[in-house]
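The values are calculated or read from the model by the stated rules, or taken from the named source; none is laboratory data. Predicted model only: the values in this text are computed from it and were never measured. Ideal geometry is used to build each Cβ from the backbone, glycine not excepted, and the neighbour counts take in all protein chains shown. Side chains included, ligands, DNA and RNA excluded: accessible areas come from the protein's heavy atoms. Shrake-Rupley method; radii C 1.70, N 1.55, O 1.52, S 1.80 Å.
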Amino acid sequence: MIDRLEKEVDMLERHLQVLKMVIESEPIGIVKMSNETGYPHHKVRYSLRVLEEENLIEPSSQGAITTERTQEFVDELDDKLDEIVTKLESMKIEEAAEVEN
């Protein structure tokens, strides 16, 4: 159950790292992103596809570039992540609530 969440968080981290690279170095291609991050080409390509489906980037002849929606997403990101962290914190089962046998 938790393993799936960890995998999703790892994937989100990769997507956001790829998005950050596009923001900082647009236009940027798959090969350069793969070389700089150490992620295999297919994982970078998948992240780019996800970001494109969310209208956060778009392809150009020189590589990925940001869209009009990118800045709005970035502006809202920290608050959304804070909300998720708060929710996860509230889900903790304290040591005091040990399972009785």
From the list Lys92, Lys32, which residue is of a type in the set (D, E, K, R), at pLDDT 95 or above and more than 13 Å from the chain's Cα centre (by Cα)? Lys32
With assigned to a helix (DSSP H, G or I), of a type in the set (A, V, I, L, M) and in contact with a strand residue (DSSP E or B) (Cβ under 7 Å, 6 or more places away or on another chain) as the only criterion, which of Leu81, Leu88, Leu48 stands out? Leu48
Please go through (1) farther than 26 Å from Leu88 by Cβ; (2) within 12 Å of the chain's Cα centre (by Cα) for His42 and return the number of the only condition it doesn't satisfy. (2)
Hey, among Glu52, Glu58, which residue is of a type outside the set (Val, Ile, Thr), touching a Ser or Thr at 6+ places or on another chain (Cβ under 6 Å) and open to solvent by 30 Å² or more (accessible area, probe 1.4 Å)? Glu58
Can you pull out the residues in segment 22-36 that are of a type outside the set (Ser, Thr, Tyr) and open to solvent by 20 Å² or more (accessible area, probe 1.4 Å)? Ile23, Glu24, Glu26, Pro27, Gly29, Ile30, Val31, Lys32, Asn35, Glu36
Using beta carbons and a limit of 8 Å, which pairs, at least six apart or on different chains, have the first residue in segment 53-69 and within 18 Å of Val31 (Cα to Cα) and the second one of a type in the set (D, E, K, R) and open to solvent by 90 Å² or more (accessible area, probe 1.4 Å)? Gly63/Lys32
